[in-house]
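Step one of this worksheet: look at the structure below.
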Amino acid sequence: MTARVVVVAAGSHIFRAAHAPAIVELGLNVVGLYDSARERVESVGSEFGWPVVETLEELLALDADLAVICAPHPAHVDLALRCIAAGRAILVEKPLAARLGEIDAIVEAVATTGVTVAVVQQHRTRAEVREARRLVAAGHLGRIHHAVVVASYPKRSNYYSDTPWRGTWQGEGGGVLLNQGLHDIDMLLHILGSPRRVIAVMRTRVHPVEAEDTSDVLLEWQDGATASIHVTSAAPLDETRIEVFGSRGSLRISARGLESREFPEDFDVFAATSGGHFDAFPVGEWRLIVPHAGGTHRDVYTDLLAALEGESEPAATASDARAAVEVIAAASLSSLRGAPVGLPLDAAAQDAFVDERILAAIRSDRPTASTPGARTVTRSPALEQTPLNNLRDLGGIPVSGGVIAAGRVFRSDDVSTIPSDEAQALFDRGIRTILDLRSAAEAGHTGRGPLGSYDIAYHPVPIVRGIADHEEFVAHLRDGTGTADVVGEYYATTLVAEAETIGRGIRRIAEARAGVLFHCAAGKDRTGVFAAALLAELGASRDDIAADYARSAEAVPRIMARVSAAIGHLLGESNTYFLAASKGSGPVSALLGAEAAAMKTMIDIVEERHGGIPAVLRGAGFDDATRDLLRRRLVTRRE
């Protein structure tokens, strides 16, 4: 089969170093490359003589059999769902995702469409791994007693510092266990199946990272078999290996291949037979039975091409890829809780855990992936608790096919400093999901407040790019030049720059099972842009979107006072103008107000330059299927 191939993130190192040589060796026909890093992808295209396209839409419109995704894994779910919607079979780099909910979304799309999705877990194609799996399944080792995984990936610390997202919860979703140890855990589970319980101790011993650089994990299977796993990037150990011990023999997988040690009799029989108290059990000698072979990207492509011809399933499907990620997620939870974690693991619980780790990192002295080099935030001794001033239910706004149902989605100003009785009131209104649109610095300063003690899912959705340059912002405030047109321009820039993040947040709303509240600090600017995107996807008119935005105007003095009290020290000189607006001294600049004209300007700019808000979101990966789900969840017929 001479497959036609398109590549997403073709400028990445992994594509150039591993995928491209395999594609050349197999003689596949690359019909298009795409990467947002234009210079890098053009370099790859020039080197291999492959065409480069301008946009992801253009790439997916090409006639192709296979889409290869080499982007960082936080982008995998959006890219995979778009490729599936385009009917393309997919090969995606590992890990498929760090969050189980994202993997489940891909698995569900595969089940619905029948599209083939394979994951680059190439060690499954090693000859020694395949033979080990066959021998265990055939009962060659008898009753499995224990397995051992020792994996060392010693790194210099600048491996992490030179690439700030590595080893962070927000950028990578984990540490050495997810990045390097995933292959070793995947091989073990491929051979023995999934365990029922996980116990772990995970530590950061050497490297300056948020997540772990050393992990010790104990697995237990339903039949009582166990495994101990040690994975580290913080020390050089002996050879990386997997050993499996059974009652009739043992297996060892290493760089040499597969070694076997056969026992002359089953130990269970030996144990049950009377004899001398100190009789030695003859264990035999290790011997190499399968030399190392396979495990390359070329082997992955060969395997996938056979699957596309209908000969077999891929070595690692999307469903297969979930197992190792689930064990790694359970290990992280176990280490944090200091207790065993049972499997299967609830995806929502893992999702909440990752979000909590992101917030914990934000509050620490370490920089996060979203704020490289960030300084430690100086916190106020105590944050004043103040009631919300800009909370409203979007229910009743006219949209395509009806109106937004009441109680489904809310917008507001910052909910982290509200009194406890107001937190209870939000919970009583059915809010079970919070989308925080603030920056890492803002969220780190205030934390989650009283809502943190409620059973409410919290998702950071930081909208930070495209916001006005601070000095320019202050100059507009000082000179009185911040007109509605200027505000609209800022909003349009923000919406386009943060389209992927906004789309991810709207997807959270579509997938939620109860009320969702989204907020920034004032509930006006970032919240206004996010609300406009949400309403546009639902088919609201320009006038209705602007009218919803303008409802914040009446609360501007109270909003500005509240924002200044909470994060005034983060605002610099602009806090002077926030305080002035809060006291009603002088006219309120359009930058601090909420004029309908500003939102209409944003909508018109996006329409003229980009084809409209839905078009911008489609270009960033938000698909029609999610829009339809959103409409089913939020829209009700007019009464």
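The values are calculated or read from the model by the stated rules, or taken from the named source; none is laboratory data. Because the structure is a prediction, the values reported are computed rather than measured. Positions of Cβ are backbone-derived with ideal geometry, glycine not excepted, and every protein chain shown enters the neighbour counts. Side chains included, ligands, DNA and RNA excluded: accessible areas come from the protein's heavy atoms. Shrake-Rupley method; radii C 1.70, N 1.55, O 1.52, S 1.80 Å.
Yes/no per residue for (1) of a type outside the set (Gly, Ala, Ser); (2) within 32 Å of the chain's Cα centre (by Cα); (3) farther than 24 Å from Pro95 by Cβ:
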residue	(1), (2), (3)
Pro236	yes, yes, yes
Ser250	no, no, yes
Gly276	no, no, yes
Gly284	no, no, yes
Arg298	yes, yes, no
Glu326	yes, yes, no
When you scan the range 152-170, do you find a residue that is in a strand (DSSP E or B) and either in contact with a strand residue (DSSP E or B) (Cβ under 9 Å, 6 or more places away or on another chain) or closer than 23 Å to Val290 by Cβ (or both), even just one? yes
Report yes if Glu511 is open to solvent by 40 Å² or more (accessible area, probe 1.4 Å), farther than 18 Å from Ala443 by Cα, touching a residue at least 60 places away in the same chain (Cβ under 8 Å) and out of contact with any strand residue (DSSP E or B) (no Cβ under 8 Å at 6 or more places or on another chain), otherwise no. yes
Looking at Val496, Val529, Val516 in this structure, which one is within 26 Å of Leu81 (Cβ to Cβ) and open to solvent by 10 Å² or more (accessible area, probe 1.4 Å)? Val496
Go through the range 49-82 and give me each residue that's farther than 25 Å from Arg166 by Cα, in a helix (DSSP H, G or I) and open to solvent by less than 60 Å² (accessible area, probe 1.4 Å). Leu56, Leu59, Leu60, Arg82
Note down all Cβ pairs under 8 Å where the first residue falls in the range 198-226 and is on the phi < 0 side of the Ramachandran plot, the second is assigned to a strand (DSSP E or B) and basic (Lys, Arg), and they're at least six residues apart or on different chains. Glu212/Arg203; Asp213/Arg203; Thr214/Arg203; Ser215/Arg203; Leu219/Arg197; Glu220/Arg197
Can you give me the number of residues within the range 171-189 that are modelled with pLDDT of 90 or more and assigned to a loop (DSSP other than H, G, I, E, B)? 3
Within the bounds of the range 5-12, is there any residue that is surrounded by fewer than 22 Cβ atoms within 10 Å (Cβ to Cβ) and either of a type outside the set (Phe, Trp, Tyr) or out of contact with any His (no Cβ under 6 Å at 6 or more places or on another chain) (or both)? no
Please list, ordered by first then second residue, the pairs with beta carbon atoms under 6 Å, 6 or more apart or interchain, first in the range 40-69 and without any contact (Cβ under 8 Å) to a residue 60 or more places away in the chain, second acidic (Asp, Glu) and part of a loop (DSSP other than H, G, I, E, B). Val41/Asp35
Which residue is modelled with the highest pLDDT, if the candidates are limited to the range 379-416 and must be open to solvent by 50 Å² or more (accessible area, probe 1.4 Å), within 29 Å of the chain's Cα centre (by Cα) and not aliphatic (A, V, I, L, M)? Arg408
Across (1) in contact with a Gly (Cβ under 9 Å, 6 or more places away or on another chain); (2) open to solvent by 50 Å² or more (accessible area, probe 1.4 Å); (3) over 22 Å from Ala625 (Cβ atoms); (4) assigned to a helix (DSSP H, G or I), Thr2 clears everything bar (4)
When the range 417-468 is examined, which residues are found to be of a type in the set (Gly, Ala, Ser), within 23 Å of Leu394 (Cα to Cα) and in contact (Cβ under 8 Å) with a residue 60 or more places away in the chain? Gly430, Ala457
Sort out which residues of the range 358-378 are touching a helix residue (DSSP H, G or I) at 6+ places or on another chain (Cβ under 8 Å) and either modelled with pLDDT of 55 or more or loosely packed, with under 15 Cβ neighbours inside 10 Å (or both), and write them in order of number. Leu359, Thr378
Restricting the search to the range 599-638, which residues are open to solvent by less than 40 Å² (accessible area, probe 1.4 Å) and not in a helix (DSSP H, G or I)? Gly612, Ala620, Gly621, Phe622, Asp623, Val635
Scan the range 47-69 residue by residue and report those that are of a type outside the set (S, T, N, Q) and either closer than 19 Å to Val616 by Cβ or modelled with pLDDT under 95 (or both). Val53, Glu54, Leu56, Glu57, Glu58, Leu59, Leu60, Ala61
Could you tell me whether the range 185-197 includes any residue that is surrounded by fewer than 17 Cβ atoms within 10 Å (Cβ to Cβ), in contact with a strand residue (DSSP E or B) (Cβ under 7 Å, 6 or more places away or on another chain) and in contact (Cβ under 8 Å) with a residue 24 or more places away in the chain? yes
Looking only at the range 277-295, count every residue that is open to solvent by less than 80 Å² (accessible area, probe 1.4 Å) and either touching a Phe, Trp or Tyr at 6+ places or on another chain (Cβ under 8 Å) or at pLDDT below 95 (or both) and tell me the total. 4
Looking at (1) closer than 21 Å to Asp186 by Cβ; (2) at pLDDT below 95; (3) open to solvent by 20 Å² or more (accessible area, probe 1.4 Å), which is the only condition Ala85 fails? (1)
If a residue must be crowded, with 22+ Cβ neighbours inside 10 Å, in a loop (DSSP other than H, G, I, E, B), in contact with a His (Cβ under 7 Å, 6 or more places away or on another chain) and not acidic (Asp, Glu), how many such residues does the range 207-235 contain? 1
